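The values are calculated or read from the model by the stated rules, or taken from the named source; none is laboratory data. A quick note: this is a predicted structure, and the numbers were derived from the prediction, not measured. No Cβ is skipped: glycine too gets one built from the backbone with ideal geometry, and neighbour counts run over all protein chains shown. These accessible areas exclude ligands, DNA and RNA; they are computed on the full protein's heavy atoms, side chains included. Shrake-Rupley method; radii C 1.70, N 1.55, O 1.52, S 1.80 Å.
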Amino acid sequence: RGTGGLAPDLAGRHVVVSAGGTREPLDPVRFLGNRSSGRQGYALARTAVARGARVTLLAANTALPDPAGADVVRVGTTVELQDAVLKAAADADAVVMAAAVADFRPVTYVTGKIKKKEDRDPEPIALTRNPDILAGISADRPRPGQVVVGFAAETDDVLANGRAKLARKGCDLLVVNEVGESKAFGSDGNEAVVLTAGGREVPVPYGPKEALADVVWDLVAESLG
Ligand code: CTP
Ligand code: CA
(Lines give C-alpha, C1' and ligand atoms only; values in the text may rest on other atoms or scores of the structure.)
(Ligands and ions follow the chains in the order given, each with its own letter.)
Protein backbone atom coordinates (compact mmCIF):
# COMPACT_ATOMS: atom_id res chain seq x y z
CA ARG A 1 0.00 0.00 0.00
CA GLY A 2 1.13 3.53 -0.72
CA THR A 3 -0.14 4.81 2.60
CA GLY A 4 1.34 4.28 6.04
CA GLY A 5 4.95 4.33 4.91
CA LEU A 6 4.85 0.85 3.34
CA ALA A 7 6.33 0.22 -0.13
CA PRO A 8 3.98 1.60 -2.79
CA ASP A 9 2.45 -1.49 -4.41
CA LEU A 10 1.70 0.21 -7.74
CA ALA A 11 5.23 1.58 -8.28
CA GLY A 12 6.34 1.05 -11.88
CA ARG A 13 2.76 0.50 -13.04
CA HIS A 14 0.85 2.67 -15.51
CA VAL A 15 -2.87 2.88 -14.82
CA VAL A 16 -5.57 4.58 -16.87
CA VAL A 17 -8.72 5.86 -15.19
CA SER A 18 -11.72 7.41 -16.93
CA ALA A 19 -13.91 9.78 -14.92
CA GLY A 20 -16.98 11.95 -15.34
CA GLY A 21 -19.61 11.55 -18.00
CA THR A 22 -19.49 11.80 -21.77
CA ARG A 23 -21.71 14.33 -23.55
CA GLU A 24 -23.10 14.07 -27.05
CA PRO A 25 -23.76 17.40 -28.73
CA LEU A 26 -27.06 18.00 -30.46
CA ASP A 27 -26.41 21.57 -31.58
CA PRO A 28 -23.85 24.22 -30.50
CA VAL A 29 -25.61 24.82 -27.17
CA ARG A 30 -27.20 21.45 -26.25
CA PHE A 31 -26.08 17.94 -25.44
CA LEU A 32 -27.23 14.55 -24.15
CA GLY A 33 -25.39 13.82 -20.94
CA ASN A 34 -25.59 12.38 -17.46
CA ARG A 35 -25.12 13.38 -13.83
CA SER A 36 -21.73 11.85 -13.14
CA SER A 37 -19.52 14.30 -11.20
CA GLY A 38 -16.30 12.37 -11.75
CA ARG A 39 -15.51 12.17 -8.04
CA GLN A 40 -15.10 8.38 -7.89
CA GLY A 41 -12.71 8.46 -10.85
CA TYR A 42 -10.71 11.31 -9.32
CA ALA A 43 -10.50 9.38 -6.03
CA LEU A 44 -9.16 6.39 -8.01
CA ALA A 45 -6.56 8.63 -9.66
CA ARG A 46 -5.45 10.19 -6.34
CA THR A 47 -5.16 6.85 -4.54
CA ALA A 48 -3.23 5.30 -7.46
CA VAL A 49 -0.74 8.21 -7.37
CA ALA A 50 -0.40 7.68 -3.60
CA ARG A 51 0.36 3.99 -4.24
CA GLY A 52 3.15 4.84 -6.66
CA ALA A 53 1.51 4.40 -10.07
CA ARG A 54 1.93 6.55 -13.14
CA VAL A 55 -1.65 7.70 -13.67
CA THR A 56 -3.42 8.87 -16.81
CA LEU A 57 -6.79 10.38 -15.93
CA LEU A 58 -9.24 10.72 -18.82
CA ALA A 59 -11.64 13.39 -17.63
CA ALA A 60 -14.99 13.68 -19.38
CA ASN A 61 -16.72 16.96 -18.61
CA THR A 62 -15.64 17.23 -14.98
CA ALA A 63 -15.31 20.39 -12.90
CA LEU A 64 -12.79 19.18 -10.33
CA PRO A 65 -9.18 20.23 -9.63
CA ASP A 66 -6.55 18.11 -11.41
CA PRO A 67 -5.19 15.46 -9.02
CA ALA A 68 -1.55 16.20 -8.22
CA GLY A 69 0.83 13.89 -10.03
CA ALA A 70 -1.63 12.54 -12.62
CA ASP A 71 -1.55 13.23 -16.37
CA VAL A 72 -4.98 14.61 -17.17
CA VAL A 73 -6.50 14.30 -20.65
CA ARG A 74 -9.81 16.08 -21.21
CA VAL A 75 -12.46 14.56 -23.47
CA GLY A 76 -16.05 15.42 -24.37
CA THR A 77 -17.84 12.71 -26.33
CA THR A 78 -17.82 8.92 -26.13
CA VAL A 79 -15.87 8.62 -29.39
CA GLU A 80 -13.25 11.05 -28.03
CA LEU A 81 -13.06 9.01 -24.82
CA GLN A 82 -12.66 5.80 -26.84
CA ASP A 83 -9.74 7.33 -28.80
CA ALA A 84 -8.10 8.53 -25.56
CA VAL A 85 -8.56 5.12 -23.86
CA LEU A 86 -7.07 3.23 -26.80
CA LYS A 87 -4.10 5.61 -26.92
CA ALA A 88 -3.41 5.59 -23.17
CA ALA A 89 -4.06 1.86 -22.74
CA ALA A 90 -1.36 0.80 -25.21
CA ASP A 91 1.22 0.51 -22.41
CA ALA A 92 -1.12 0.39 -19.38
CA ASP A 93 -1.13 -2.32 -16.71
CA ALA A 94 -4.72 -1.50 -15.77
CA VAL A 95 -7.68 0.37 -17.24
CA VAL A 96 -10.48 1.45 -14.93
CA MET A 97 -13.63 2.70 -16.63
CA ALA A 98 -15.26 4.80 -13.90
CA ALA A 99 -16.76 7.24 -16.43
CA ALA A 100 -20.47 7.20 -17.14
CA VAL A 101 -20.50 6.71 -20.89
CA ALA A 102 -23.42 7.91 -23.03
CA ASP A 103 -24.89 4.82 -24.69
CA PHE A 104 -26.37 6.80 -27.59
CA ARG A 105 -25.62 9.94 -29.57
CA PRO A 106 -27.74 12.00 -31.94
CA VAL A 107 -27.46 10.76 -35.53
CA THR A 108 -26.95 14.30 -36.75
CA TYR A 109 -25.27 17.33 -35.25
CA VAL A 110 -27.18 20.48 -36.14
CA THR A 111 -24.62 23.19 -36.85
CA GLY A 112 -26.93 26.12 -36.06
CA LYS A 113 -28.94 26.37 -32.83
CA ILE A 114 -32.25 24.52 -33.14
CA LYS A 115 -35.04 27.13 -32.93
CA LYS A 116 -38.54 26.54 -31.68
CA LYS A 117 -41.39 27.03 -34.13
CA GLU A 118 -44.56 28.90 -33.19
CA ASP A 119 -47.02 26.35 -34.47
CA ARG A 120 -45.26 22.98 -34.60
CA ASP A 121 -43.93 20.32 -32.29
CA PRO A 122 -40.16 19.78 -32.47
CA GLU A 123 -38.64 17.13 -34.70
CA PRO A 124 -37.87 13.89 -32.84
CA ILE A 125 -34.19 13.30 -32.10
CA ALA A 126 -32.87 10.20 -33.84
CA LEU A 127 -30.19 8.37 -31.85
CA THR A 128 -27.54 5.84 -32.75
CA ARG A 129 -25.46 3.54 -30.53
CA ASN A 130 -22.06 4.55 -29.26
CA PRO A 131 -19.17 2.07 -29.19
CA ASP A 132 -18.85 0.05 -25.97
CA ILE A 133 -15.37 1.03 -24.84
CA LEU A 134 -15.17 -1.39 -21.91
CA ALA A 135 -16.37 -4.42 -23.87
CA GLY A 136 -14.02 -3.56 -26.74
CA ILE A 137 -10.92 -3.24 -24.59
CA SER A 138 -11.83 -6.34 -22.56
CA ALA A 139 -12.16 -8.45 -25.72
CA ASP A 140 -9.03 -7.08 -27.36
CA ARG A 141 -6.51 -6.10 -24.66
CA PRO A 142 -3.94 -3.62 -25.94
CA ARG A 143 -1.38 -5.23 -23.64
CA PRO A 144 -1.31 -8.88 -22.49
CA GLY A 145 -2.18 -9.39 -18.83
CA GLN A 146 -3.76 -5.95 -18.60
CA VAL A 147 -6.41 -5.72 -15.86
CA VAL A 148 -9.71 -4.17 -16.98
CA VAL A 149 -12.23 -2.81 -14.49
CA GLY A 150 -15.79 -1.61 -15.11
CA PHE A 151 -18.33 0.23 -12.98
CA ALA A 152 -22.08 -0.25 -12.97
CA ALA A 153 -24.90 1.57 -11.23
CA GLU A 154 -27.99 -0.57 -10.83
CA THR A 155 -31.37 0.12 -9.26
CA ASP A 156 -32.77 -3.45 -9.05
CA ASP A 157 -31.40 -6.99 -8.63
CA VAL A 158 -28.00 -5.41 -8.12
CA LEU A 159 -25.94 -8.59 -7.79
CA ALA A 160 -27.68 -10.57 -10.54
CA ASN A 161 -27.51 -7.64 -12.96
CA GLY A 162 -23.90 -7.00 -11.98
CA ARG A 163 -22.88 -10.62 -12.51
CA ALA A 164 -24.56 -10.68 -15.94
CA LYS A 165 -22.91 -7.37 -16.88
CA LEU A 166 -19.46 -8.59 -15.82
CA ALA A 167 -19.86 -11.62 -18.09
CA ARG A 168 -21.22 -9.55 -20.96
CA LYS A 169 -18.43 -6.98 -20.78
CA GLY A 170 -15.67 -9.55 -20.32
CA CYS A 171 -13.79 -7.41 -17.78
CA ASP A 172 -11.85 -8.72 -14.75
CA LEU A 173 -13.60 -6.69 -12.06
CA LEU A 174 -16.94 -4.91 -11.94
CA VAL A 175 -17.72 -2.39 -9.21
CA VAL A 176 -21.47 -2.43 -8.71
CA ASN A 177 -23.24 0.45 -6.98
CA GLU A 178 -26.81 0.37 -5.87
CA VAL A 179 -28.18 3.75 -6.95
CA GLY A 180 -30.01 5.39 -4.08
CA GLU A 181 -30.54 8.77 -2.47
CA SER A 182 -27.19 9.41 -0.78
CA LYS A 183 -25.20 6.95 -2.86
CA ALA A 184 -23.16 7.22 -6.04
CA PHE A 185 -24.05 10.23 -8.22
CA GLY A 186 -22.88 13.51 -6.75
CA SER A 187 -22.42 12.28 -3.18
CA ASP A 188 -19.24 12.23 -1.10
CA GLY A 189 -19.38 8.57 -0.21
CA ASN A 190 -20.02 5.32 -1.97
CA GLU A 191 -21.10 1.78 -1.13
CA ALA A 192 -20.49 -1.06 -3.55
CA VAL A 193 -19.81 -4.70 -4.19
CA VAL A 194 -16.81 -5.57 -6.32
CA LEU A 195 -17.44 -8.68 -8.43
CA THR A 196 -14.47 -10.59 -9.79
CA ALA A 197 -14.42 -12.70 -12.96
CA GLY A 198 -13.31 -15.55 -10.70
CA GLY A 199 -16.66 -15.43 -8.89
CA ARG A 200 -15.75 -13.47 -5.74
CA GLU A 201 -17.94 -10.77 -4.22
CA VAL A 202 -16.12 -8.15 -2.19
CA PRO A 203 -18.53 -5.88 -0.29
CA VAL A 204 -17.36 -2.34 0.46
CA PRO A 205 -19.42 -0.64 3.20
CA TYR A 206 -20.57 2.99 2.82
CA GLY A 207 -17.56 5.26 3.17
CA PRO A 208 -15.38 7.78 1.36
CA LYS A 209 -14.79 7.25 -2.38
CA GLU A 210 -11.07 6.83 -1.57
CA ALA A 211 -11.87 3.73 0.52
CA LEU A 212 -13.66 2.09 -2.41
CA ALA A 213 -10.80 3.19 -4.68
CA ASP A 214 -8.26 1.48 -2.40
CA VAL A 215 -10.24 -1.79 -2.49
CA VAL A 216 -10.23 -1.60 -6.31
CA TRP A 217 -6.44 -1.05 -6.37
CA ASP A 218 -5.95 -3.90 -3.85
CA LEU A 219 -7.76 -6.26 -6.24
CA VAL A 220 -5.95 -4.85 -9.30
CA ALA A 221 -2.56 -5.27 -7.57
CA GLU A 222 -3.49 -8.84 -6.61
CA SER A 223 -4.44 -9.60 -10.24
CA LEU A 224 -1.19 -8.12 -11.53
CA GLY A 225 0.72 -10.30 -9.06
N1 CTP B 1 -19.18 1.64 -20.79
C2 CTP B 1 -18.34 1.82 -21.87
N3 CTP B 1 -18.87 2.19 -23.09
C4 CTP B 1 -20.20 2.34 -23.24
C5 CTP B 1 -21.07 2.16 -22.14
C6 CTP B 1 -20.52 1.80 -20.92
O7 CTP B 1 -17.14 1.66 -21.73
N8 CTP B 1 -20.68 2.70 -24.43
C9 CTP B 1 -18.60 1.21 -19.50
C10 CTP B 1 -18.78 2.19 -18.34
O11 CTP B 1 -17.69 3.08 -18.25
C12 CTP B 1 -18.84 1.26 -17.16
C13 CTP B 1 -19.42 -0.03 -17.70
O14 CTP B 1 -19.24 0.03 -19.12
O15 CTP B 1 -17.55 0.97 -16.66
C16 CTP B 1 -20.84 -0.30 -17.39
O17 CTP B 1 -21.64 0.76 -17.86
P18 CTP B 1 -23.22 0.58 -17.87
O19 CTP B 1 -23.83 1.83 -18.39
O20 CTP B 1 -23.63 0.08 -16.52
O21 CTP B 1 -23.34 -0.64 -18.92
P22 CTP B 1 -24.23 -0.81 -20.20
O23 CTP B 1 -23.67 -1.99 -20.91
O24 CTP B 1 -24.30 0.46 -20.98
O25 CTP B 1 -25.63 -1.23 -19.63
P26 CTP B 1 -26.98 -0.40 -19.32
O27 CTP B 1 -27.92 -0.80 -20.39
O28 CTP B 1 -27.38 -0.91 -17.95
O29 CTP B 1 -26.67 1.07 -19.34
CA1 CA C 1 -25.04 2.46 -20.14
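A few points about this structure:
- Area accessible to solvent at residue 133, 1.4 Å probe radius, in Å²: 10
- Derived scalar couplings ³J(HN,Hα) [segment 15-23; Karplus, 6.51 cos²θ - 1.76 cosθ + 1.60; whole Hz; x for Gly, Pro]: 10, 10, 10, 9, 9, x, x, 6, 10
- Residues with amide H under 5 Å from that of residue 72, placed H, sequence gap 5 or more: 57
- Take the Cα of residue 29, step 7 Å toward its Cβ, do the same at residue 123, and the gap between the two points is 1.8 nm.
- Loop-located GluC sites (Glu not before Pro) in segment 142-225 (DSSP state other than H, G, I, E, B) with a sparse environment of at most 13 neighbouring Cβ atoms within 10 Å: 181.
- Dimensionless Rg ratio for the chain, taking C-alpha atoms and the 2.2 N^0.38 Å reference: 1.05
- Here the chain is assigned +1 on the Cβ of each Lys and Arg and -1 on the Cβ of each Asp and Glu. Its dipole about the Cα centre then comes out at about 460 debye.
- Portion, in percent, of the accessible area of the chain that falls on carbon or sulfur, probe 1.4 Å: 52
- log10 of Debye I(q)/I(0), alpha-carbon scatterers only, for segment 1-75 at 0.13, 0.19 Å⁻¹: -0.43, -0.74
- FRET efficiency, 1/(1 + (r/R0)^6) with R0 35 Å, evaluated for residue 167 and residue 211 via beta carbons: 0.85
- Stretching residue 155 away from residue 107 to a fully extended chain increases their span by 14.4 nm, per 0.36 nm per residue minus the current alpha-carbon distance.
- For residue 206, the accessible surface of its heavy atoms amounts to roughly 120 Å² (probe 1.4 Å, protein chains only, rounded to the nearest 10).
- Mean separation of Cα contacts under 8 Å (6+ apart) over length of the chain, as relative contact order %: 19
- Segment 66-87 and segment 138-160 have Cα centres lying 18 Å from one another.
- With a Förster radius of 22 Å applied to the C-beta separation of residue 143 and residue 63, the computed FRET efficiency comes to 0.10.
- To the nearest ten degrees, helix 209-224 and the longest principal axis of the Cα atoms of the chain are 60 degrees apart.
- For q = 0.12 Å⁻¹, Debye-computed log10 I/I(0) when each Cα of segment 146-225 counts as one equal scatterer: -0.30
- Taking the average, over residues, of other Cβ atoms within 10 Å as the packing measure, peptides 22-32, 79-89, 45-55 rank 45-55, 79-89, 22-32 from highest down.
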